[in-house]
1. For the stretch 99-250, compute Rg over Rh where Rg is the Cα radius of gyration and Rh is the Kirkwood radius from the inverse mean 1/r over Cα pairs.
2. At 1.4 Å probe size, with every protein chain present, just tell me what the per residue accessible area of the stretch 135-213 comes to in Å².
3. Would you mind checking which residues have amide H under 5 Å from Tyr112's amide H? H placed 1.01 Å from N; only 5 or more apart, or other chain.
4. Rank Glu38, Glu209, Glu139 by mean-square fluctuation in a GNM of the chain with C-alpha springs under 10 angstrom and give only the top-ranked residue.
5. If one takes the longest principal axis of the Cα atoms in the chain, at what angle in degrees, from 0 to 90 and to the nearest 10, does the Cα axis of helix 89-102 lie?
6. In nm, give the distance between the simple-model label positions of Ala160 and Glu80, each being 7 Å from the Cα along the Cα-to-Cβ direction.
7. Enumerate the calculated ³J(HN,Hα) couplings along the stretch 31-41 in order (Karplus 6.51 cos²θ - 1.76 cosθ + 1.60, θ = phi - 60°), each rounded to whole Hz, writing x wherever the residue is Gly or Pro.
8. Return the carbon/sulfur percentage of the accessible area of the chain, one whole number, probe 1.4 Å, all protein chains in place.
Amino acid sequence: MSDWRPRLIASDMDGTLLRSDDTVGEATVAEVARWRAEGVPFVLATGRPPRWMHRIREVLGTGTAVCCNGAVLLDLESMEIRHEEPLHPTTLQALTDALRERQPTMWFAVEYGWEFRHEPVYRPRWDVDVPGVAVATLEEMTAAPVAKLLARSESMTPDAFVELIEEVVGDRATVTHSSSDALAEISAPGVTKATGLATVAARHGIGPEDVVVFGDMPNDIAAFEWVRDGGGRAVAMAHAHPDLLAVATDVTGGNDEDGVAAFLASL
């Protein structure tokens with residue numbers, strides 16, 4: 001595949017495109033611009049919600065962002081949500097009831113399009129005292145469709161907690177994680193970064209064989225498998241989670257070494 005070139009580039013943000021200080025390296029910005037100038041779309045594929053995309057828009061400008069692990073497609077130029085695959089109230093209520101019964105010390109939060117709500121005991125690690133973030137009861141949070149349900153434990157280990165969530169949820173929703181904390185991210189059934197990327201790629205008339213995707217955490221696995229199985233390139237960062245490294249076609253340098261730029265420059 002030495003002469004292989006992508007027709008679409010997709011990248012995770014945290015731990016991948018972004019350095020540890022939440023910036024994008026100059027080499028990465030330049031490399032993305034070079035490929036865009038050659039007509040290759042650059043797509044962000046992230047667990048982040050739309051409200052966390054304003055700063056990256058200032059760096060990258062236009063393009064599409066697959067947000068909330070595939071549940072939301074955001075137009076970065078207009079900052080408008082173009083498509084959403086939500087979890088509906090009936091499912092939300094059934095899942096939270098079952099999870100709370102199984103583990104009473106589990107706490108919940110939800111992502112709406114531009115809003116974030118969390119239970120009083122849930123401890124947000126980010127977005128404290130900012131617009132759009134508020135405390136709500138579980139009944140209030142599950143009364144409307146949401147882009148993502150978050151479940152957090154302050155007492156269990158991350159792996160054990162995610163396993164418990166997966167066991168209880170089953171095929172009623174999609175469970176993934178991208179944090180070193182005991183935090184599970186729950187989306188509508190079948191919704192992953194892969195489904196979001198496939199939708200964006202199809203709009204450009206592009207299949208997985210012409211896509212390169214970069215990532216570092218388990219919430220990138222579905223996208224990696226879609227690209228890898230279709231004949232494209234699934235590139236893990238050097239520090240990536242072992243489960244993601246296991247499904248990667250390639251490995252590049254870490255995010256603080258502009259690993260995305262280095263790989264793109266090598267093509």
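1. 1.00
2. Here the per-residue accessible area is 39 Å².
3. Result for Tyr112 returns Arg117, Ala147.
4. The residue that fluctuates most here is Glu38.
5. Taking the Cα atoms of the chain, the angle to 89-102 is about 70 degrees.
6. 4.9
7. 5, 4, 4, 4, 5, 4, 4, 8, x, 9, x
8. 50
The values are calculated or read from the model by the stated rules, or taken from the named source; none is laboratory data. In this text, all values refer to a predicted model and were calculated from it rather than measured experimentally. Heads up, the Cβs are rebuilt from the backbone with ideal geometry, glycines too, and the neighbour counts pull from every protein chain shown. Side chains are part of the model used for accessible areas, which takes the heavy atoms of the whole protein and leaves out ligands, DNA and RNA. Shrake-Rupley method; radii C 1.70, N 1.55, O 1.52, S 1.80 Å.
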